[in-house]
Every structure is written in C-alpha cells, then in structure tokens.
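Data first, discussion second: the structure below is written as structure tokens.
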Amino acid sequence: MNDEYTTFLQSKRRVDVDCGFDVNESDLNPMLFPFQKYLVRWALKRGRAALFTDTGTGKTVIQLSWASMVHQHTGHDILILSPLAVSKQTRREGLKLGLDVTVCRSQADVKPGLNIANYEMLGKFNPAAFGGIVLDESGILKGLYGKFRAAVTEFCREIPYRLACTATPAPNDTMEIVNHAEFLGVMTAKEVFALFFTQDFTATSHKWRLKKHAVNDFWRWLASWARAMRMPSDLGFDDNGFILPPLKIHTITVDSDPMASGMLFPIEARGIQEQRAVRRASLVSRVVEAARLANSSDEQWLLWCDLNDESKAAKDSILGAVEVKGADTAEHKEKSLLAFADGEIHCLVSKSSICGHGMNFQSCHNVIFLGLSNSFESFYQAIRRCWRFGQKSPVNVYLIVSDTDSAVQENIRRKEAQANELFAQLLANMREHQMPTKTEKIETIETVETHDGWTMYLGDSVDTVKRIENESVGLIVFSPPFPSMYVYMDSTRDMGNVASFQEMIHHFSFLIPELCRVLMPGRTCAIHLTQGIAFKHTDGYCGLKDFRGAVIAAMETAKFIYYGEVAIDKDPQLKALRTKDHGLLFKTLAADAAKSRMAMADYVLQFRKPGDNPQPIRAGMADHLKDRNTKGWITNKEWVEYAAPVWYRKTENYPGGISESDVLNVSCAREADDERHLCPLQLGVIERVVKLWSNPGDLVYSPFAGIGSEGYMALKLGRRFVGGELKRSYFETACKNLREAEKLNEQQSLDFSCGAV
C-alpha cells in the first residue's frame, strides 16, 4: 500500500487531536483529589474538552483549576458561563482554592484572571478578550436549539481553550453530544450527523440514530475529546469520600376531583392536556400534603413545582417559605438561592427550570415534588441539588401525586432506566476507547477464489486491482458506494464510510488510475449512480448534491473521456414509500407544491479510455440474421431502445423495460448490523451494458462486486469476470452466485449443442 493512501485511510479515523499543553501534577492545587487532578491535566492537554462527571464530583474546582492554568499559560483572561445564581457560589469555591473569581454582568466588569457571568449576559461580552472559556452545566446546550445555542457556539469559535462540563450528557438523547462537539470545534453538527448517524424513516418522522457500523468509531471519536464518570472508580481511582448517602423516595397519593378536571370518574391521565387538567384539579390536596410535611419539621425543605399556581399556593401555605419565580429580579433569585444554601431559609419554593442546575444545597436533605412532569432530566437534576457527594444525611424525596398520575410516574421510571443504561454504555465505551491512537494499524483483509471463468478478491480494491494485468480488461462496470447513503462496514477502506461525497471522491481517486491502467484502450468504464441527497441536519438545507458531476470531474482528471450517459426511469410512488422523500408526497403537493420535486433517476455514465480499441466490439446484428446460439447480440429493434436517452422501467404498457425487482437475492448476504443499503444493480441494466460494450470472451471487471451481480450477468453472456469486494458476507454470496452462473452457462451451452429449444 502506498504511503499516501495509508495516510488518507488513517485520516478517516475520527480522532480529534490534542491542541493544549502539559502540566505536572505538582503544579496543581493540592486540595484537588487525585481523580480531579487527572481530569484537569487531561483537559489541559486536550485544549478543548468535555467532562461528563456526576453532580458533587467537584466540577467547580476542576473548572477553576483548569481556568487558572490556562490563564497562567496564555496570560489571557478567562470567562466562565454558568446558570443563574451559580456565579457567586463559584466565587466562594474559588476563594477556598485561593483563586479570585470576578462576577461580571458585562465586559466592563472583567478583571485580569478568572471571570464568571450568567449565560443570559453573553451578548454583553467580547470573545476576542478571552483566551479560554468554560461552560458550567453545559447540558444547558440540550435545550438551546435556536439562536441562543448558535450564539454560544459562535461566541466561542475563535477562543483557543474551551471546556464544557455537565453531569447529565444526553440522558435520553445521544445526539446532545453533537452540541458539545460543535461548541468545542471538534466537528460541525452537519459532519457528525453525516458520519455517525442515519435516519429511520417512518410515516410520521425521520428519527436520527447511530449507524450500526459507526458505533465503535463514534465511541472512539468521543473518547478522544471527552471523559465521563459517576464515581472516581470509573477512572480507576478510590471512591473514598464519594459514596452517596441513602436516597429514600416516598410517594404520597392524593384523591383527585374528577369533576374539577372535566371528567365524570377519576381515570388515568394519558395525554398532556389531560395531565395538566388533573394536576390543576388536585392542586389544593397536594399543597395541603406538602404544607403538612414542611410545617411539621424545623429542618430545611426544597419544594419543586411546575405550575405558577402551585408555587404561589405552596409559598402561602408553608411557614417561612421563600418563592423564587421566573418574574423575579436576578438579585432576588441570587440572594434567595444563596441564603437557602447557607441554611438561612426554612423552605425554598421554585421550579427546576429556574434553579435546578448548578446549585449546591447539601445543607438540605428533604425534597418535595409537588407533582411530576414528564422530564426525567429535570427530575434527576432537581434531586441532585441535595443528593450529592458532600451530603451527610440520608435524602428524603416526597412525590406528591394524584391517583390519576400513574402514566407520568411510569414515564419517569422508563426514562430513568434508559438514562442509566445510556450512561453505563457511555462509561463502558469510553473506558474501552479512552486511549485511542492516530497510528492505528489499517488491517488488510485479502482472500481470493479463482475458477476457469472468474476470479473474486476479498479485500480493498485499491489494493487487489494491482493483481490485474495492464490493459487486460474489456469492460469495467460497477455501482460505487453512494456517500453516507450506503455504508457497508465500519472499515476506513469502505468508500461509503465518509462524512461527505467530497471525501468519497477523494477516496475514489486512489482507484481511478488503476481502472485506467487495466482497461483496454478505447474501451468503456460504465458507472451506475444516482444524485446525492442533501438533508437539513447534515447539509443545512433540503435538496440535491451533484454526485454525478463530481464523479465525472474525477474521471476526467484521470484522463478518462466522458463519452455518454443514459438515465434510468424510476417509479416515483415506490421511491416515496421507500425513502419518505418529502418532495414526492401527495401531502406536499397539496400543502405547498413549491417543495415538491421529481423522483431521482439513476444514471449509467460511459467513460472511454483514450486510444484505439484493438478488438472491435461487433454487437449489432440485423433481426433476420440473429443466431440464437450466439450470446450477446443486439438486434436493431433492441438498439433503438438502448440508444434512447432514457431506459424506461418495465410496466404493463412497456413490458420490455428495466424491472426494478430483477436483482439477485440479497437476503443471505445480510448481517445483523447492516443498514438499509444492500441494493444490487438490476440485472437488466447490467445485461445492456455488457452486450453493448464487450465481446464474448472479454474480461469484465467490477471493483465493487457486492453479491456478484455484474459477474453473474457477464458469465451468463459468455464473458469472463474478475471482481473485488470488501465485505466477507457479500464476497461469499458473490462466489455462490458466480458458481451458479457458471452452471447455467454450461447448461445453456449443452442445450445449444444438442439443438434444444
């Protein structure tokens, strides 16, 4: 393998490189625990990093230590962005470490060193003034799909050192990690979606999920710029001092008033509207229970609400309660939250959306939920304000719900199980891949099976094509992998395993010169393809990408002559059913025909190698001279069809067209991790190409042989075949199909020699 190709394959290993600096452990604050020192040193070496560490593991001191070292190294000021009221709490933690943190509301407040501000103040700062930035509770990015999230990412784009910290990365949605990658400048959201994710098309949605083949590469890539832990032992350190106290959850169920919610009888509330109606109907009963609990104890109580009416009623019913609501001033919010953290307030009443992130309330170990919403993340974060490392007492959580809230409780339990499973998967995969290497060996798999009329190579065709002699091939015909649409496997050698069709063309360019070398002068390389699709998530718009034009340009660069092409007709209704293409749907036509478009045709592009053909192809024969014992002749009537600019599909009115279902059986080649990509070329298309541009006895070559469709038809038409295939299951199926074609060919020859009809 040449060095240039090896380097290219290595570049397809998605591992983000370090851009930071090294520090000695002795340079760090001695107050840090060993695991905290490890995370600080790793994040500094990375330069741009994410820390997914659970609540109470000291993210604040980690952030401050990282920011202090970046300030020392660069001499530039550092900005920390945090949720409301966390700023002053962070300043307190900084003083414990001997660090002065300036709480700012605008650029005018910034002082040399470490500065902190609320997210809401972002627009009042100049990014050029900072050498490093920290996102405290960066999980906030999950809800920022609009202009604000984009503003955070854009603000930080030119800041060289970046750190994102959160306790709950993507608890129920892996793609939240996309937001962190984009903030850190590791990869754009479009690139992440294109490389690692695929859409599951249903009648009602296009949901994104990890490609089955991309799972290992995804975790390897994530481990190159992020670390995750729930306890120090997840990183190989001692858990001493970080064992959580018991968590005791008590459910108090009150009777609801069905008439108040518009129902005759108390029934389980399923829909959002029903749940809200029942919640309002049971408000008084739930507040009575909350007041009974809080008023019967001198201990502190933290009460979480979702509705304004709940918050006001609870504040009015509980002695010494202080309410923090969205309409309050920032000063009132900060003063109240810090006073509660200091144990000066008996009961704090608020919403998790206001102060459910970042605050440390270890002084309190009694929590009340005045009803439940369907958000597990809000539920989890609200509990962890009190139930966190550093808490000395068992934490009591009281869920006050109505007798019709079972659906909400079940939803929370389901999401909790899912979150635990996903975080456990995150930890396991990051442990496995947390020591990635950019010099990972690119394995070469190569096997060959040879018969009298055909040869199949298992391996990378960029390598195996070198075994074919110069100018020995009479016809090349294949379908290349369509970038990001049809990924065969997670190997970097798979040309479909790319982030863009430009990267696929770059990969393809290593093969094209070899195609030119093995092809006879004046002969044809026929490439079957379709145009690329542009998706909103991956490309920023919905439309088409000119894959066809890119292939033509690449072939011409390698001195092939772009000689001709034919469009292959497709059934638009079948396309709409298979792909859920919005532009083909009847509802689009009715709602806004400006968004409708035609179904994409397939194309066969004809490229000729320069030079004179040494062996003319005598494919045509008049109808009255046609000899049934001669394979591959094209009658004049057939030529009229073949020479048309469109090869039409087979229909009731056009029985001689290309049948979209006339393909080899693919079921035996499928594997458990295959996506919806195994779409072999129609045999009718291959038959026309082979008849047109090769002689009986010629060698036909396909570098992407798949399950052997091109070889199957070449053998049936009396040609020889050589093919290459990267995936073993396809290679084995191709060999089986070629052996079957060999038998059919022998049987046909025997029938003709015996005069059989």
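Where a number appears in this text, it was derived from the coordinates with a stated rule and is not lab data. What you are looking at is a predicted structure, and each value in this text was computed from that prediction instead of being measured. No Cβ is skipped: glycine too gets one built from the backbone with ideal geometry, and neighbour counts run over all protein chains shown.
If R0 equals 22 Å, the separation of the Cβ atoms of residue 739 and residue 695 corresponds to a calculated FRET efficiency of about 0.40. Can you give me the long-range amide H partners of residue 162? Hydrogens built in the peptide plane at 1.01 Å from N, cutoff under 5 Å, separation of 5 or more residues or another chain. Amide H neighbours of residue 162: 48, 49, 133. Compared with the direct C-alpha span, the chain from residue 307 to residue 418 gains 37.3 nm at full extension, assuming 0.36 nm per residue.
Among the listed pairs 212/691; 595/650; 124/392; 351/595; 124/312, a Cα-Cα separation exceeding 30 Å is found for 212/691; 124/392; 351/595; 124/312. The residues 248, 650, when put in order of fewest to most other Cβ atoms within 10 Å, stand as 248, 650. Overall shape: prolate for the range 498-609, with the ratio a/c of the largest to smallest alpha carbon gyration tensor axis at 1.5 or above and a/b above b/c.
Neighbour counts of other Cβ atoms within 10 Å put 455, 57, 530 in the fewest-to-most order 530, 455, 57.
Under a 5 Å amide H cut-off, with hydrogens placed 1.01 Å from N, residue 647 pairs with 567, 568, 569 among residues at least 5 apart or on other chains. Remark: 587, 727 ranked as 587, 727, counting other beta-carbon atoms within 10 Å and listing the fewest first. Binning the C-alpha pair distances of the range 247-433 at 5 Å intervals from 0 yields a P(r) profile of 1, 8, 16, 19, 19, 15, 11, 6, 3, 1, 0, 0 %, listed from the shortest bin outward. Taking every C-alpha pair closer than 8 Å and separated by at least 6 residues, the mean separation divided by the residue count of the range 247-433 gives a relative contact order of 29 percent. Shown in residue order for the range 414-422 are the 3J(HN,Hα) couplings computed by the Karplus curve 6.51 cos²θ - 1.76 cosθ + 1.60 at θ = phi - 60°: 5, 5, 5, 4, 5, 5, 4, 5, 5 Hz (x for Gly and Pro).
Under 5 Å between amide hydrogens, built in the peptide plane, is the criterion, and for residue 371 it picks out 400 among residues at least 5 positions away or on other chains.
Across the range 602-617, coupling constants 3J(HN,Hα) worked out from phi with the 6.51/-1.76/1.60 Karplus curve, θ = phi - 60°, read 8, 10, 10, 9, 9, 10, 10, 7, x, x, 8, 5, x, 10, x, 9 Hz, and Gly and Pro carry x.
Here each label is just a point 7 Å from Cα along the line to Cβ, and for residue 353 and residue 6 those points are 5.7 nm apart.
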